[in-house]
Amino acid sequence: MNVINAGLALDDPDAWFGEYYMSRAPRNEAAVVDPKVDELYEKQTRTLDPVARKKLVIEMQLAFMENPGMIMIDWHIRNMALWKEVRDYKFPSQTFNNTKLQDVWLAM
């Protein structure tokens, strides 16, 4: 077991699989090499249709689970409280998302 402080700015399979789970990923600390997962990754990253891409991503995830090497077992979730006057704030799914606040406004 290894504890790492992993964080990416995107909630996207390209970011997560490309960073941690591909054969040549820079953070592939388990050194797992799976040509099937690599092939599905390449297919999904070039697919523009969201429905078709989702199917490929699910297939890629299932193939990955056959030989995961490393699985995230804990996920940090940030909780926030806002005043009722704060409007159009979108709670971030990641640490770095939604920091511009361009759509947030106060109702008086």
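The values are calculated or read from the model by the stated rules, or taken from the named source; none is laboratory data. Everything quoted here is computed from the prediction, not taken from an experiment. Backbone-built Cβ (ideal geometry, glycine too); neighbour counts: all protein chains shown. Each accessible area value is taken on the protein alone, full model and side chains, heavy atoms only, with ligands, DNA and RNA left out. Shrake-Rupley method; radii C 1.70, N 1.55, O 1.52, S 1.80 Å.
Some notes on this structure:
- Of all residues making up the stretch 17-69, the number that are in a loop (DSSP other than H, G, I, E, B), of a type in the set (Asp, Glu) and either open to solvent by less than 50 Å² (accessible area, probe 1.4 Å) or at pLDDT 85 or above (or both): 3
- For the stretch 8-55, the tally of residues that are in contact with a Ser or Thr (Cβ under 6 Å, 6 or more places away or on another chain) and free of Cβ contacts under 8 Å to residues at least 40 places away in the same chain stands at 4.
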